[in-house]
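*Asks:* First the structure, then my questions, so here it is.
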Amino acid sequence: MQPSDTRSLAEARHRLLAELERERNQLLRNIETCRIRDIEHPFIGEWSLKDIVGHVATWEAEVVLALKQLRAGRRPAILDFDRSRLDEWNQEHVERKRDLNFWCVLEQLKGGRRRLMEEIAQLSDEDVASEGSIHHKLIRSIIDHDRQHWHPIAARLAGMAGVRETSFHSVPEEVWALD
C-alpha cells in the first residue's frame, strides 16, 4: 500500500467516525429536547421516546456483537437475520425494556456507543474506511439508523406531519444489502 493510500484511508476513517459522532449527537440533542411526558407515552407511532432509545441501543449492541464475531473470524449472526421476523423482533426487544427506567435505557445507549468505539478502535483503517468492507457497512448501518430515528423526532418536535426518507429503515436492511 502506498503512503497516499494509507493517508486516504485514515482520512476516510476520520470522516466516517465524525459522521458517526455527528448523527448520534443529533439523536441525543433531539431526545434532550423532548418533554418528560414523551418518555413513557406514544411519541412516534406507538413507540414512546424510551422505546425508541431502547430500540436504537439494542441494534447498536447487535452491531457490536457482529464486529466481535468478525474479529473472532466468525460470520456475524446479523447477516443471517430472518427478514420476516424484523417487526416482531423489534417489538419483542422494545417490550423487554419497557419496565426499565428511561435513564437506565439512555445509559444503555451511551454505553453501547462506548463499546462500539472500542471495537472500531481495534479495526484497521482499511476495514473501517473501505466502502466494500463489512466493517464499514456495519458502521454505516449505525449512522443511518441514528439518522432514521432522529429525523422523525425532529419532525415531531417541529410540529411537522411527516419526515423525509433517509435510506434503509433498519440495521438489518442495511446489512442485507451486503449480500
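*Asks:* Quick one: net charge around Asn101, please, counting Lys, Arg +1 and Asp, Glu -1 for every other residue with C-beta under 12 Å from its C-beta. Don't jump to the answer; show the numbers that get you there.
*Replies:* Values: positive: Lys50, Lys97, Arg98; negative: Glu40, Asp99, Glu107.
It works out to a net charge of 0.
*Asks:* Sequence neighbours fewer than 8 away in the same chain don't count; with that in mind, list the aspartates and glutamates whose C-alpha is under 16 Å from Lys50.
*Replies:* Partners within reach: Glu32, Asp38, Glu40, Glu60, Glu92, Glu95, Asp99, Glu107, Asp146.
*Asks:* What translational diffusion coefficient, in µm²/s and rounded to a whole number, does the Stokes-Einstein relation yield for region 1-76 at 10 °C and a viscosity of 1.306 mPa s, taking the hydrodynamic radius as the Kirkwood radius over Cα pairs?
*Replies:* 104
*Asks:* Something else about it: Using helices alone, what [θ] at 222 nm do you get for the chain, with -39,500 (n - 2.57) per DSSP H run of 4 or more residues, divided over all residues and rounded to the nearest 500?
*Replies:* Calculated from helices alone, the mean residue ellipticity at 222 nm is -22500 deg cm²/dmol.
*Asks:* Here is a further query. Using the 2.2 N^0.38 Å rule of thumb for compact globular proteins, work out how the chain stacks up: its C-alpha Rg over that value, please.
*Replies:* Taking the Cα Rg and dividing by 2.2 N^0.38 Å, one obtains 1.06.
*Asks:* Enumerate the helices in the chain for which the Kyte-Doolittle hydropathy averages -1.0 or more and the C-alpha atoms extend at least 27 Å along the helix's axis, using complete DSSP H runs. Intermediate values should be presented prior to the final figure.
*Replies:* Details: long enough: 3-33 (45 Å, -1.08); 49-71 (33 Å, 0.45); 102-121 (29 Å, -0.20); 134-157 (34 Å, -0.56).
Helices meeting the span and hydropathy rule in the chain are 49-71, 102-121, 134-157.
No lab work stands behind these numbers, since they all come straight from the coordinates. These numbers come from a predicted model, not from an experiment. FYI the Cβ positions are ideal-geometry reconstructions off the backbone, even for glycines, and counts take in every protein chain you see.
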